[in-house]
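Asker: Please read through the structure below; I'll follow up with questions.
Bear in mind that the values in this text are calculations on the coordinates, not laboratory data. Quick caveat: nothing in here was measured; it's all calculated off a predicted structure. Because the Cβ atoms are built from the backbone with ideal geometry, glycine has one as well, and the counts that use them run over all protein chains shown.
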Amino acid sequence: MWNLAKKSVFFAFAGWCSLALAHAQEQEDKRGARSAIPAGILKESGLLERPDLMVKQFLLAEIDAGHTNWQTRYETVKTADDVAVYSEERRAFFYRQLGPLWEKTPLNPRRTGTLEKDGFRVEKIVFESQPKFNVTGALFLPDGARFKPPYPAVLLLCGHNIEGKGAKNYQRVCGLGAINGLAMFVVDPIEQGERIQTFDGNTPRFKKRSGVAHNAIGAGSILLGRSTATFEVWDMIRALDYLQWRTDIIPNKIGVAGCSGGGTQTAYIMALDERVQAAAPSCYICSLFNALTHIGRPQDSEQNVFGQLAFGMDHADYCIMRAPLPTLICTATKDFFNAGDAWSSFRYAQRIYTRLGVPEKMAILESDGEHGYSQEHREGTIRWMLRWLAGRDERITERESQPDVAAEELRCVGTPGVISLPGARTTYDINRDLAKRLAVQRTETWKSMTPEHAQALIRRRTGIRPLGEIPRATRVYDAGNSRDFVLETEKNCFLPVRVNIPVGTREASLYVDDKGRYSDGANALFEHADKAVVSVDLRGWGETMGAEQKSSSHAPEWFGQDGSVYYLAYLCGRSFVQMRAEDLLAVARYLRDQYGVNVHLVADGSARTIALHAAAVAPECFASVVIENEATLQTWHSRVLEAPRFIELTDTVHGVLNDYDLDCLLRFVKQVQTRK
C-alpha cells in the first residue's frame with residue numbers, strides 16, 4: 001500500500017492535472033481547434049527530412065529484413081519433401097492467423113430462377129455458408145446439346161465492385177467458359193452485389209466503396225483474432241462444397257479464378273484447399289516485400305494477414321503451396337499490383353515446379369493494359385482451365401456476339417438483397433456472438449488473475465517487451481529554446497519531447513495524448529511554470545503523424561489517420577499499441593534516470609490505451625496514473641457490439657479480446673497503483 005505521504009503526492013498531482021485539463025478543454029471548445037505546433041524540431045535537427053514518413057520507413061526496414069529471411073528460407077527448399085514441409089508450415093500459419101473456422105452446417109441450397117441464353121443457361125443460386133448467412137451466386141452451365149454433363153467447373157471470384165457477380169467482366173468470362181464446356185459458378189463477395197449488409201435508409205452505408213466496407217468488417221474482426229479474409233475463405237470452402245454436391249459437376253475437376261480482390265481470394269483458396277485442381281489468379285500476385293508496400297500501400301483488410309511478413313510468407317508462396325497443381329498468374333504491365341514483382345514470384349514458383357518435374361504446370365500471362373479483368377486475361381483463364389480440367393488445349397476467343405447477362409437478370413432475391421431474407425445474419429452478427437462468448441470467458445479468467453499472469457498475458461498478446469529488453473532512450477538533439485529535445489528510442493525512431501522540470505523537483509507529470517506535445521491539454525499543464533511537466537510525441541503523433549493516409553479504402557473518417565501504415569505494422573506482426581507503449585516506457589525511464597523524478601503519468605484521447613498498457617506491464621515506471629475522461633473510454637468489446645462504427649485501427653491489437661479488454665486493464669492498473 002502507498003504510505004500517506006505518497007498518497008498525498010498522487011492526489012495533489014491528480015487534482016492539479018484534472019483542473020488544468022478541464023480548463024484546457026474549455027479553451028479548446030471556445031477555439032474549436034488545437035494549439036499551433038512550433039516549427040518542427042525533427043526537421044530543424046536534420047535527423048529526418050520527412051518526419052511524417054518516419055513510422056513507415058521504420059516498418060519498411062523491418063520488411064526488408066524479413067525479405068532477406070524469406071529468401072534464405074526459400075533457398076533451402078530443394079526436394080519434394082522440402083516442398084511438402086515448407087508448404088505445410090505456411091498452410092498451418094495461415095489457418096492460425098484466420099482464427100478458428102466454423103463447423104460445416106447444411107448449405108440449404110435453392111435455385112431461385114433460370115436464364116436461357118444462346119450457348120448456355122444460368123441458374124440463380126442461394127446457399128448458406130453458415131446458418132442464415134446467405135451467399136448469392138450464378139451458375140453458368142454449358143448447352144446440354146453440345147456438352148453432356150457432368151462438367152468440369154470453375155469457381156469465379158469477384159474483385160471490388162458494387163455489382164459483384166453482375167459486373168460485365170465477370171459475366172463475360174462465365175459466359176465464355178460455359179460456351180466452351182465449363183460450368184462457371186460466380187458468387188457475390190460480402191458487401192457486394194446482393195450481399196450488402198448495412199444501409200442508411202435505402203442507400204448502402206458505404207455506397208460504392210466495397211473496400212471501405214471490407215475494412216469495416218476487418219476493424220472489428222481484428223479484435224477477435226479473425227479478419228475479413230476469414231469470412232471470405234469460409235464462403236469459398238462452402239462454394240466448393242456446393243459444386244461437389246451437384247451431380248452435374250465432376251467433383252475432382254474444379255478450378256478457381258478471379259481478378260483483383262477475386263485474385264486475392266483465388267490465391268488464398270488455391271493454397272489452402274487441395275480440391276482446387278487448376279487456378280488462375282489475375283491482377284493480384286506480385287510481392288508484399290517490394291513495390292506493393294514500398295511504393296504503393298497495403299490493400300484492404302482481407303489482403304493483409306497478421307504477421308505474414310514476419311513469419312516469412314509472400315505471394316510466391318501461394319503458388320508454391322499448391323505445387324505441383326497447375327497455376328497461371330495473370331498480370332498487367334501497368335497494374336499497381338506490380339508486373340515485375342509478378343514475374344519475380346513466378347520465377348520463384350517456377351523453380352520449385354521445375355524441381356518437382358512439372359514446369360509446364362506453372363505459367364504466367366502478361367497483358368499490356370492496366371488493372372482489371374481484361375479480355376486477354378479472361379481468354380487465357382478459360383484456355384488454362386480447359387487444358388487442365390477438360391484435357392483440351394484450344395485457342396479461346398471471346399466473340400462480340402457472345403450474349404451478355406445484365407446484373408439485374410442475375411439477381412437471386414428481391415431488393416435490397418439477402419439482408420431482407422427471414423433471419424438473415426451479417427458478419428457483424430457473427431462477430432457479436434463471438435465477442436459475447438469471449439466476454440464471459442474473460443470475466444471468469446480475470447477473477448483469479450495474478451499480476452504476474454496478467455503482465456505475461458498482455459506482453460504475449462501485444463508483443464510489448466519486458467522493460468529490461470526495451471532499448472534505452474538516447475538524447476540526440478537539443479533545441480535552442482531550452483524546453484524541447486529529441487530522444488531516439490529505437491534505430492531511426494525519434495520522439496520530440498517538451499520539458500519543464502524546475503531544479504530540485506522530485507515529482508513530474510508526463511502528459512501524453514494523440515494530438516502531440518503541443519496539444520491544448522499539454523499547453524494547459526505547461527502554463528504553470530512552477531510545476532514539473534513533460535509531454536512527448538509518441539511515434540506517429542505530433543510531428544511524426546503520417547501525411548499520406550488518404551487512401552479511399554483506409555478512410556480516416558472510419559479508421560483514423562494511419563490506416564495504411566497500420567497495415568504495414570500488421571503485416572510485420574506489430575501493433576501501434578506495442579510500439580507506442582514501449583516508447584512511453586523508454587521516455588519514463590529516461591526521465592527517472594536523468595532527472596531523478598518520480599513520473600506521474602497523465603493520458604487523454606487515444607493515448608489512454610497506450611498508458612494503460614505501459615502502466616500494466618511496467619508499473620514500476622510510474623508513481624501514479626491518471627486516465628482523463630475515464631467515463632468516455634470505450635471498451636473494445638463495445639466497439640464490436642456497435643459495429644459498423646468508427647474504430648481507430650492504431651488503437652487495436654490482433655485477437656486481444658481472447659485475453660483482455662480495456663476495462664480489465666483499467667481495473668488492473670488501479671489495483672497495482674493502490675498496492676504501491
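Asker: For the stretch 558-648, what is the convex hull (Cα atoms) projected area averaged across all directions, in square nanometres?
Answerer: Computed as one quarter of the Cα hull surface, the answer is 6.9 nm².
Asker: Determine the alpha carbon to alpha carbon distance for each of Lys117/Lys168; Lys148/Lys253; Lys104/Lys148 and list only those over 22 Å.
Answerer: Lys104/Lys148, as the Cα separations exceed 22 Å there.
Asker: Ok, one more. Let me see the P(r) profile for the stretch 153-225: every Cα-Cα distance counted, bins of 5 Å, each bin given as a percent of all pairs.
Answerer: Here the calculated profile for the stretch 153-225 is 3, 17, 21, 18, 15, 11, 8, 5, 1, 0.
Asker: Sort the stretch 366-438 into rounded, prolate or oblate with this rule: let a ≥ b ≥ c be the square roots of the eigenvalues of the Cα gyration tensor; rounded if a/c is under 1.5, and if a/c is not under 1.5, prolate when a/b is larger than b/c, oblate otherwise.
Answerer: In terms of gyration-tensor shape, prolate.
Asker: Something else about it: Between Rg and the Kirkwood Rh of the stretch 474-613, both from Cα atoms, what is the Rg to Rh ratio?
Answerer: Ratio value, two decimals: 0.99.
Asker: For Ser367, list long-range residues whose amide hydrogen, built 1.01 Å from N in the peptide plane, is under 5 Å from its own amide hydrogen.
Answerer: HN-HN under 5 Å from Ser367: Thr331, Ala332, Thr333.
Asker: Let me know the volume per residue of the alpha-carbon convex hull for the stretch 401-493, in Å³.
Answerer: Convex hull volume per residue, Cα atoms: 354 Å³.
Asker: Rounded, prolate or oblate: which fits the stretch 603-675, taking a ≥ b ≥ c as square roots of the Cα gyration tensor eigenvalues, rounded meaning a/c under 1.5, else prolate when a/b beats b/c?
Answerer: Prolate, because a/c is 1.5 or more and a/b exceeds b/c.
Asker: What does the convex hull of the alpha-carbon atoms of the stretch 468-550 project to on average, in nm²?
Answerer: With the hull built on Cα positions only, its mean projection is 7.0 nm².
Asker: Would you kindly state how much longer the chain becomes between Ser420 and Arg111 on full extension, computed as 0.36 nm times their sequence separation minus their alpha carbon distance, in nm to one decimal?
Answerer: 109.5 nm
Asker: Return the sequence-ordered ³J(HN,Hα) values of the stretch 607-618 in whole Hz as given by the Karplus equation 6.51 cos²θ - 1.76 cosθ + 1.60 applied to θ = phi - 60°, using x for Gly and Pro.
Answerer: Values, residue by residue: 5, 4, 4, 5, 4, 4, 5, 4, 5, 6, 7, 9 Hz.
Asker: Dipole size in debye (nearest 20) for the stretch 419-512 around its Cα centre, Lys and Arg Cβ +1, Asp and Glu Cβ -1?
Answerer: Numbers: 16 positive and 10 negative charges, 61 e Å.
Magnitude of the dipole: close to 300 debye.
Asker: Can you work out the Karplus-derived ³J(HN,Hα) for every residue in the stretch 207-222? Use 6.51 cos²θ - 1.76 cosθ + 1.60 with θ = phi - 60°, whole Hz, and x for glycine or proline.
Answerer: Using θ = phi - 60°, the values come out as 6, 9, 9, 5, x, 5, 4, 5, 5, 5, 4, x, 4, x, 5, 3 Hz.
Asker: Next question. Taking amide H positions as placed in the peptide plane 1.01 Å from N, state which residues far from Thr112 in sequence (5 or more) or on other chains have amide H under 5 Å from it.
Answerer: Close amide H contacts, sequence-distant or interchain: Lys124, Ile125, Val126.
Asker: Which residues' amide hydrogens lie under 5 Å from the amide hydrogen of Val256, considering only partners 5 or more residues apart or on another chain, with H built in the peptide plane?
Answerer: Excluding prolines and chain starts, which carry no amide H, the hits are Leu155, Ala278, Ala279, Ala280.
Asker: If you don't mind, there's one more thing I want to ask. Once each part is reduced to its C-alpha centroid, what is the distance from the stretch 222-261 to the stretch 468-541 in angstrom?
Answerer: 52 Å
Asker: First measure r as the distance between the Cβ atoms of Ser638 and Glu370, then evaluate 1/(1 + (r/R0)^6) with R0 = 35 Å and state the FRET efficiency to the nearest 0.05.
Answerer: In this case the efficiency is close to 0.25.
Asker: For the stretch 280-331, state the semi-axes of the equivalent ellipsoid (square roots of 5 times the eigenvalues of the alpha-carbon gyration tensor), sorted largest first and rounded to whole angstrom.
Answerer: Each semi-axis is the square root of five times an eigenvalue, giving 20, 14, 10 Å.
Asker: Taking the Cα centre of the chain as origin, sum charge times position over the Cβ atoms of Lys and Arg (+1) and Asp and Glu (-1), and report the length of that vector in debye to the nearest 20.
Answerer: Value, rounded to 20: 1180 debye.
Asker: For the chain, build the charge dipole from Cβ charges (+1 Lys, Arg; -1 Asp, Glu) around the Cα centre, then report which of Ala407, His600, Ala92 sits farthest towards its positive end.
Answerer: Towards the positive end, the residue furthest out is Ala92.
Asker: Expressed as a whole number of Å, what is the distance separating the alpha-carbon centroids of the stretch 134-211 and the stretch 50-65?
Answerer: Measuring centre to centre over Cα atoms gives 39 Å.
Asker: When the helix-only estimate is applied to the chain (DSSP H runs of n ≥ 4, each -39,500 (n - 2.57), divided by the residue count), what is the mean residue ellipticity at 222 nm, nearest 500 deg cm²/dmol?
Answerer: It lands at -13000 deg cm²/dmol.
Asker: Now for a separate question. Where nothing but the Cβ of Lys and Arg (+1) and of Asp and Glu (-1) is charged, how large is the charge dipole of the stretch 570-668 around its Cα centre, in debye to the nearest 20?
Answerer: It comes to approximately 120 debye.
Asker: What aspartates and glutamates could a cross-link reach from Lys491, if we take a straight Cα to Cα line under 14 Å and drop same-chain neighbours fewer than 8 places away?
Answerer: Those aspartates and glutamates meeting the cut-off are Glu62, Glu582, Asp583.
Asker: Where does each of 392-403, 194-205 land if you order them by average Cβ count within 10 Å, highest first?
Answerer: 194-205, 392-403
Asker: May I have the convex hull volume per residue, in Å³, for the Cα set of the stretch 136-181?
Answerer: About 71 Å³ per residue, rounded to a whole number.
Asker: With 29 Å as the limit, write out which pairs from Lys208/Lys334; Lys124/Lys207; Lys208/Lys361; Lys78/Lys361 have Cα-Cα distances beyond it, or answer none.
Answerer: Details: Lys208/Lys334 24 Å; Lys124/Lys207 25 Å; Lys208/Lys361 38 Å; Lys78/Lys361 18 Å.
Cα-Cα > 29 Å for Lys208/Lys361; rest within.
Asker: If you consider only alpha-carbon coordinates, what radius of gyration and Dmax does the stretch 54-198 have, in Å?
Answerer: Gyration radius and largest Cα-Cα distance of the stretch 54-198: 21.1, 64 Å.
Asker: Something else now. Any chance you could run the full-extension gain for Gln594 through Asn69? It's 0.36 nm times the residue separation minus the Cα-Cα distance, nm to one decimal.
Answerer: Between Gln594 and Asn69, full extension yields 185.2 nm more.
Asker: In what sequence do Trp446, Trp102, Trp245 fall when counting other Cβ within 10 Å, fewest first?
Answerer: Final ranking by Cβ density, sparse to dense: Trp245, Trp102, Trp446.
Asker: Starting from the coordinates of the alpha-carbon atoms of the stretch 326-379, obtain the Kirkwood hydrodynamic radius over all distinct pairs and give the value in Å to one decimal.
Answerer: Evaluated over the stretch 326-379, this radius sits at 11.5 Å.
Asker: How big is the antiparallel share of DSSP beta bridges in the chain, given as a percent to the nearest 5?
Answerer: The antiparallel fraction comes to roughly 50 percent.
Asker: Note down the relative contact order for the chain as a percent, whole number, built from C-alpha pairs under 8 angstrom at least six residues apart.
Answerer: Taking the mean separation of contacting Cα pairs over the length of the chain, I get 17 percent.
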